[in-house]
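To start, the structure under review is shown below, and the notes come after it.
The values are calculated or read from the model by the stated rules, or taken from the named source; none is laboratory data. Since the model is a prediction, treat every value here as computed from it, not as a measurement. Note: ideal-geometry Cβ built from the backbone for every residue, glycine included; neighbour counts use all protein chains shown. Protein only, heavy atoms only, side chains kept; ligands, DNA and RNA dropped before computing areas. Shrake-Rupley method; radii C 1.70, N 1.55, O 1.52, S 1.80 Å.
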Amino acid sequence: MRKFLKIILLFFISISVFSQGVCDLTAGVEKGGFDFDGPSAVCIGEKVKIKNTSGVTDVKYIYGYKGEAASRLPSIPATTDTEWPFLAAGEYLILQYGKKNGKDMYFCRVATVRKNTEPVFSYSDCNNNQIEIAISNVPANNFDYYTIDWGDGSALEKVNPTQLPYKKTKGLTTPRTITVNGVFATASSCQSSSSKTIPYRDPRVPGFTGYDTPNAPNIKQVILKEADEAILTINGSYDPAGYNLFMTERGTPYSKVPTKRNVLPGDISIPIPDTTKSYCFYLTRNNTCGYEESAEICTVILSDVQPSDSYSQKIIWEEYPKEMSHETASPNYGLFMNSTTKLMKEEDDVPAAEKVISGGVYVDNVNCRNKYCYRIKTETSGQMYYYKFSGTSISKQMCLDREDFHPPAITDALVSVNAANASEITFTDNSSWQLKKDKFILYRNNGTAFTEVKTSPTISTITDTGVDNSQQSNCYKIAYLDECGSTSALSPPFCTVLLTEGNKNELVWTAPSPFADTGVQVYEVESLDENTGAPSREVSLSGTQLNYSPDLSKFQEEARYRIKIIAPDKNESYSNIYVIPLSIKILLPDIFTPNNDNFNDNLEVKGTFRRIANFELQIYNRWGNPVFTSDDPLKTWDGNFQGSNAPVDTYTYKIYAKLTDGTEVNKTGKFLLMR
């Protein structure tokens, strides 16, 4: 191509892959199906006929579907008819949709509508003295046979369908008029095709800016899909040998081995190793005229869409390369490229007008309650040797629904156990998120997941009364809902410390931190006064020690303890109070002397009584007769029986006590009454 002139014209341009909408859906939907009941290529006014093979009868069809989102289908005119006449030439996407197995069902196929009997073919000229004709073997070429008039006075050349794809080169000078016709054996509504004149080309003409041949050879469009693939729309020659397609990661040299061979005009799918990186493509072909090469086109990378504030969000993308990397040809050949970047936007599935942008970052004004989807489109144009080219590259779609977006989490939160063994959660909003917070949300672990338990409209202490922290440790997370409907990421977990007893009279407690943002620096073991409940520190332990054996000698009835937990930033939390019950003491003297000398005149029970729920004392004389009974451990016996002094003698007693924890105590003994 560097030494000759060439022009290729493609008469039918394939439908845009970008406009396939629900046609590409696979997850959560069912696939329908229909066949063409006759040709898929018809003439203007002739009906396209289809046969439903979906297995579902209640289906609808959109003849000329333009890729609208599923949510918009109810507003688009549809029909149950399986025959449809198109009134203008072109390629039309037919959408079949309905319900199948309880799911949405979609299926798409393309129909071609002709305005004349011109088949799908390409032609080219080389050095103004050779002409090449190539007729494609595509569904649109459904003629009974084809004729070629070379414009040299020779007889019409007939080509049968079995010969497709067909290519022939003749040594003919230009300018020259060539006519290629498709012929139906029976009458058709298609008009006769017009002839094509191949002009004489001369790049030496002053002001030459390239031949206007946008379809040859050219990668007209590249669309990066969500399924790690790129869809390339190829324009060019229908030479049966096809093109060699080369691909490389942007910024790295091309391999000399093609990525794909025998590439023909139309849409092809190419796997993309990493859709976060840009990849570039170009085409080459050897033919009887020599060598030809397309301009390069690269995938566009939309890197991120992120909220800026309640009224805007930031779109970030990689700028398109300024020059092609696969050619180092002399500027004398006329090698240059221009590019324009546009933002494609949908708001709640409704497309907006495209907007020219630049710089790699764009801030879009939005209504934060709506859903937005974006693509970056780069349109390129320029001159590749003697030929003009143009192409479009479209990024993957990236959507931002504020309900699916999670602002940064709160991390400043702690939980402490109050006197009723409920959880007191204290937090501050240190999230750095500037939007107004509509509410704060408390989550508790239910054993399998964190679920919402309470909300607060303001920053405050939240009390969770639905737990008993003396029975188990409870873990929490905190989050917030902002004014745009986004729920933040959950905070790190923070848990109540459960204090229990391990080995006999050994205090043990749980390890998870009650602080969301830190671990534990110090555990302080506190004892509570038996009478006043006032706490006093017994010992300070490291944040890794989880047990302690206390000295219980200062307690009489029960030892009450709690753990004070201190964070590195000096925040404090408390565990539940744990009670170690002590053995009760119930004593009666061996002798008592009711002689009114004000010393040992009454028999009284000695010991600790706070934990006694039920009590009974019985005193018997030597014949087994009761002389005194009492259900109050504080009641004394003055030595009288039936109004008289009980005689000096040895007496027997029985004591029964039932404690608050259900323990029963039985004690018997004897004492001497003297006067």
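Six or more apart or on different chains, Cβ atoms under 7 Å: show the pairs whose first residue is in the range 648-675 and acidic (D, E) and whose second is assigned to a loop (DSSP other than H, G, I, E, B).
Cβ pairs passing all conditions: D649/N621; D649/R622.
Mind counting the residues in the range 637-654 that are surrounded by 14 or more Cβ atoms within 10 Å (Cβ to Cβ) and either in contact with a Phe, Trp or Tyr (Cβ under 8 Å, 6 or more places away or on another chain) or modelled with pLDDT of 95 or more (or both)?
Of the residues in that region, 7 qualify.
Among the residues of the range 189-209, is any in a loop (DSSP other than H, G, I, E, B) and at pLDDT 90 or above?
no
For K439, are the conditions met, namely being farther than 30 Å from A295 by Cβ, assigned to a strand (DSSP E or B) and either open to solvent by 30 Å² or more (accessible area, probe 1.4 Å) or without any contact (Cβ under 8 Å) to a residue 12 or more places away in the chain (or both)?
Here the answer is yes, as K439 does meet what is asked.
Do we find that S573 is over 30 Å from M674 (Cα atoms) and either open to solvent by 50 Å² or more (accessible area, probe 1.4 Å) or in a loop (DSSP other than H, G, I, E, B) (or both) in this structure?
Judged against the criteria, S573 is not a match.
Taking the range 576-619 only, how many residues are of a type in the set (V, I, T) and open to solvent by less than 20 Å² (accessible area, probe 1.4 Å)?
The number of residues fulfilling the criteria is 5.
Tally up the residues in the range 385-398 that are touching a Phe, Trp or Tyr at 6+ places or on another chain (Cβ under 9 Å) and either open to solvent by less than 10 Å² (accessible area, probe 1.4 Å) or within 28 Å of D482 (Cα to Cα) (or both), please.
7
With respect to the numbered conditions (1) assigned to a strand (DSSP E or B); (2) crowded, with 18+ Cβ neighbours inside 10 Å; (3) modelled with pLDDT under 95, which one is the sole condition not fulfilled by S431?
The failed condition is (1).
Would a scan of the range 306-319 turn up a residue that is at pLDDT below 90, among the acidic types (D, E) and either closer than 21 Å to K220 by Cβ or not in a strand (DSSP E or B) (or both)?
No, the range 306-319 contains no residue that is at pLDDT below 90, among the acidic types (D, E) and either closer than 21 Å to K220 by Cβ or not in a strand (DSSP E or B) (or both).
Would a scan of the range 250-262 turn up a residue that is assigned to a strand (DSSP E or B), at pLDDT 95 or above, over 30 Å from K170 (Cα atoms) and not polar (S, T, N, Q)?
no
What pairs can you find where one residue is in the range 592-606 and more than 10 Å from G639 (Cβ to Cβ), the other is at pLDDT 90 or above and open to solvent by 60 Å² or more (accessible area, probe 1.4 Å), and their Cβ atoms are less than 6 Å apart, with a gap of 6+ or different chains?
none
Would you please name the residue that is farthest from the chain's Cα centre (by Cα), looking only at residues in the range 409-419 that are surrounded by 12 or more Cβ atoms within 10 Å (Cβ to Cβ) and not in a strand (DSSP E or B)?
Within the range 409-419, the match that is farthest from the chain's Cα centre (by Cα) is N418.
Has the range 169-176 got at least one residue that is within 55 Å of the chain's Cα centre (by Cα) and assigned to a loop (DSSP other than H, G, I, E, B)?
no
State the number of residues belonging to the range 274-293 that are open to solvent by less than 30 Å² (accessible area, probe 1.4 Å) and closer than 24 Å to S395 by Cα.
Counting residues in the range 274-293 that are open to solvent by less than 30 Å² (accessible area, probe 1.4 Å) and closer than 24 Å to S395 by Cα gives 7.
I'd like to verify a number: residues in the range 623-634 that are in contact (Cβ under 8 Å) with a residue 12 or more places away in the chain and either surrounded by 11 or more Cβ atoms within 10 Å (Cβ to Cβ) or in contact with a helix residue (DSSP H, G or I) (Cβ under 7 Å, 6 or more places away or on another chain) (or both), how many?
Within the range 623-634, residues that are in contact (Cβ under 8 Å) with a residue 12 or more places away in the chain and either surrounded by 11 or more Cβ atoms within 10 Å (Cβ to Cβ) or in contact with a helix residue (DSSP H, G or I) (Cβ under 7 Å, 6 or more places away or on another chain) (or both) number 6.
If you scan the range 337-351, which residues turn out to be farther than 26 Å from E296 by Cβ and at pLDDT 95 or above?
K345
Pairs please, first residue from the range 571-589 and without any contact (Cβ under 8 Å) to a residue 40 or more places away in the chain, second anywhere and open to solvent by 50 Å² or more (accessible area, probe 1.4 Å) and in a loop (DSSP other than H, G, I, E, B), Cβ atoms under 7 Å, 6+ apart in sequence or on different chains.
Once the first residue is without any contact (Cβ under 8 Å) to a residue 40 or more places away in the chain and sits in the range 571-589, its partners that are open to solvent by 50 Å² or more (accessible area, probe 1.4 Å) and in a loop (DSSP other than H, G, I, E, B) give L582/Q556.
Can you name every residue in the range 416-465 that is aromatic (F, W, Y) and more than 17 Å from A516 (Cα to Cα)?
The one that is aromatic (F, W, Y) and more than 17 Å from A516 (Cα to Cα): W433.
Write out, first by first residue and then by second, each pair whose Cβ atoms fall under 8 Å of each other, whose residues are 6+ apart or on separate chains, and whose first residue, in the range 497-512, is farther than 13 Å from V579 by Cα while the second is outside any loop (DSSP other than H, G, I, E, B) and open to solvent by 50 Å² or more (accessible area, probe 1.4 Å).
V497/Y574; W509/N547
Which ones in the range 112-155 are hydrophobic (A, V, I, L, M, F, W, C) and either assigned to a loop (DSSP other than H, G, I, E, B) or modelled with pLDDT under 90 (or both)?
V120, C126, I131, V138, A140, F143, W150, A155
I need the full set of residues from the range 122-160 which are within 55 Å of the chain's Cα centre (by Cα) and open to solvent by 60 Å² or more (accessible area, probe 1.4 Å), in order please.
N137, P139, D144, Y145, N160 - these are the residues of the range 122-160 that are within 55 Å of the chain's Cα centre (by Cα) and open to solvent by 60 Å² or more (accessible area, probe 1.4 Å).
The conditions are (1) open to solvent by less than 60 Å² (accessible area, probe 1.4 Å); (2) β-branched (V, I, T); (3) in a loop (DSSP other than H, G, I, E, B), and V453 fails exactly one of them. Which is it?
With respect to (1) open to solvent by less than 60 Å² (accessible area, probe 1.4 Å); (2) β-branched (V, I, T); (3) in a loop (DSSP other than H, G, I, E, B), V453 is out only on (3).
Report, ordered by the first and then the second residue, all pairs with beta carbons closer than 6 Å, sequence separation of six or more or different chains, a first member in the range 235-264 that is farther than 17 Å from K220 by Cβ and open to solvent by 60 Å² or more (accessible area, probe 1.4 Å), and a second member that is hydroxyl-bearing (S, T, Y) and not in a loop (DSSP other than H, G, I, E, B).
From the range 235-264, the pairs are E249/Y279.
Looking at Q556, Q618, can you tell me which residue is polar (S, T, N, Q), touching a Lys or Arg at 6+ places or on another chain (Cβ under 9 Å), touching a residue at least 12 places away in the same chain (Cβ under 8 Å) and part of a strand (DSSP E or B)?
Only one candidate passes the filter, namely Q618.
What do you reckon, is E483 in contact with a strand residue (DSSP E or B) (Cβ under 7 Å, 6 or more places away or on another chain), free of Cβ contacts under 8 Å to residues at least 12 places away in the same chain and acidic (D, E)?
no
Kindly evaluate A111 against the criterion of being open to solvent by less than 20 Å² (accessible area, probe 1.4 Å), touching a Pro at 6+ places or on another chain (Cβ under 8 Å) and either touching a residue at least 40 places away in the same chain (Cβ under 8 Å) or under 19 Å from S192 (Cα atoms) (or both).
So A111 fails the test.
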